[in-house]
Amino acid sequence: MDQPDNFAGNGFGHVTVLLHEAATSLNLAPNGVAVDCTLGGGGHTRLLLDAVGKNGKVLAFDRDSTAIDHARNCFSAEVESGQLVLVHKPFSEMAEHVRAIGLAGSIAGILADLGVSSPQIDVGERGFSFIKDGPLDMRMDPSRPGTAADLINTADEPELVRIIRDFGDEPMARHFAKMICRQRAISPFHTTLELSSYLERHSPYGSKSRKHPATKIFQAIRIAINDELGELDRFLAGAVPLLASKGRLSIISFHSLEDRAVKHFFAGASGKLKRQELSRRVALPEAEIDKMVNAQGRVVASSEAEPSAQEVEINPRARSARLRVFEKA
């Protein structure tokens, strides 16, 4: 099968999900300023640059230095001209950065693709994959402390149960946490295949499940050590005040925990979810909740999208993607 037109090559090897749908949903015009909060392979970034034109500007954030280095090579002309500004920071720090450079209230569109990039999964040395051997790492920013091995080998059993249950939606969380604690007392886990093969051998599901028993557990560990849901909440709380009037915030999520957080935020910011209920659903300080309920805007229902059957055939990892769009009043 031919490679899709959104393939980001040059060694990064990431196929961008909902490429045109997400970029189009921002409704960008020439000369505007846009933010790509999750640079990755640069697929969305390319279309944002095209949309704002030579006299516009795109700020692109990523906490993975590999993505930043890749983009610096692929977009060298745009970086040199100032049309593209690369920022090596997590998207939870995006609002602080944009305010610091004096662009708050003038951003035409903000895009976030919450998926793990293909190189992070496919390169065994990054430690994200349960089918490729590598160190138990899973850090999106390898310069920061706290690896998956640290968590697996030191967290107490109740904490492991909570992580596997809440972040992996794994009904047998107690069983798997007990097995992990039993084995690490004999020999700590150091590699991805050590952990995944052990989970497979001690799975209560046997051969009944089509999913590898490590799937949900690896997801849970990854979410925990990267604080993905906390990062998302902090990003959401700071994003809308940066937008100009009629500016849009478009977010692609890949699992129910992310999508639920985005849906609740949009409902709160559009006045469809009361403050008290919103406080119960997002783990943020009261001042940040106030920002959300005072944002005011609307959910752009016509821009909600899921991958087509053709896209899923080309890139099976796209199957669970969901695009939601909010427009500031």
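Does Val87 fit the bill of being at pLDDT 95 or above and buried (at least 20 other Cβ atoms within 10 Å of the Cβ)?
So Val87 fits the description; yes.
Is it the case, given these coordinates, that Tyr198 is assigned by TED's automatic domain parsing to the domain that holds Thr154, of a type in the set (Phe, Trp, Tyr) and modelled with pLDDT under 90?
Taking the combined requirement at face value, the residue does not satisfy it.
Being under 17 Å from Gly115 (Cβ atoms) and modelled with pLDDT of 95 or more: is that true of Ala60 here? Lay out the reasoning, then the answer.
On the way: under 17 Å from Gly115 (Cβ atoms): yes; modelled with pLDDT of 95 or more: yes.
The answer is yes for Ala60.
For residues in region 193-232 being among the hydroxyl-bearing types (Ser, Thr, Tyr) and assigned to a loop (DSSP other than H, G, I, E, B), which is farthest from Leu151 (Cα to Cα)?
Among those residues, the one meeting the criterion is Ser207.
Scan region 22-37 residue by residue and report those that are among the polar types (S, T, N, Q) and buried (at least 24 other Cβ atoms within 10 Å of the Cβ). Lay out the reasoning, then the answer.
Let us first name the residues in region 22-37 that are among the polar types (S, T, N, Q), namely 24-25, 27, 31.
Selection gives Ser25 alone.
Only one of (1) over 19 Å from the mean Cα position of the chain (by Cα); (2) surrounded by 14 or more Cβ atoms within 10 Å (Cβ to Cβ); (3) not β-branched (Val, Ile, Thr) is not met by Gly82, so which one is it?
That leaves (2) as the condition not met.
Mind listing whichever residues of region 134-143 are touching a residue at least 24 places away in the same chain (Cβ under 8 Å) and not hydroxyl-bearing (Ser, Thr, Tyr)?
Correct list: Gly134, Pro135, Leu136, Met138, Arg139, Met140, Asp141, Pro142.
Residues that are touching a residue at least 40 places away in the same chain (Cβ under 8 Å): which helices (runs of 4 or more DSSP H) entirely in region 8-94 hold 3 or more of them?
Because the criterion is at least 3 residues that are touching a residue at least 40 places away in the same chain (Cβ under 8 Å), the helices (runs of 4 or more DSSP H) in region 8-94 that meet it are 19-25, 43-52, 65-74.
Checking the conditions here, which among Leu195, Leu257, Leu236, Leu243 is surrounded by fewer than 23 Cβ atoms within 10 Å (Cβ to Cβ) and in contact (Cβ under 8 Å) with a residue 40 or more places away in the chain?
Leu257
Right, Leu160: outside any strand (DSSP E or B), buried (at least 19 other Cβ atoms within 10 Å of the Cβ) and free of Cβ contacts under 8 Å to residues at least 40 places away in the same chain or not?
Criteria met by Leu160.
Out of everything in region 174-192 that is touching a residue at least 40 places away in the same chain (Cβ under 8 Å) and outside any loop (DSSP other than H, G, I, E, B), what residue ends up being surrounded by the most Cβ atoms within 10 Å (Cβ to Cβ)?
Step by step, filter region 174-192, then rank; the result is Thr192.
Does any residue of region 233-252 turn out to be under 13 Å from the mean Cα position of the chain (by Cα), closer than 20 Å to Thr147 by Cα, at pLDDT 90 or above and not in a helix (DSSP H, G or I)?
No, the conditions are met nowhere in region 233-252.
Going by what's in this entry, would Ile152 be described as within 26 Å of the chain's Cα centre (by Cα), surrounded by 14 or more Cβ atoms within 10 Å (Cβ to Cβ) and modelled with pLDDT of 95 or more?
yes
Looking for whichever is in contact with a Ser or Thr (Cβ under 8 Å, 6 or more places away or on another chain), at pLDDT below 95 and surrounded by fewer than 24 Cβ atoms within 10 Å (Cβ to Cβ) here; the options are Asn10, Asn6. Which one fits?
On the way: Asn10 fails: in contact with a Ser or Thr (Cβ under 8 Å, 6 or more places away or on another chain).
Only one candidate passes the filter, namely Asn6.
The values are calculated or read from the model by the stated rules, or taken from the named source; none is laboratory data. Everything quoted here is computed from the prediction, not taken from an experiment. Reconstructed Cβ throughout: ideal geometry from the backbone, glycine too, with neighbour counts over all protein chains shown.
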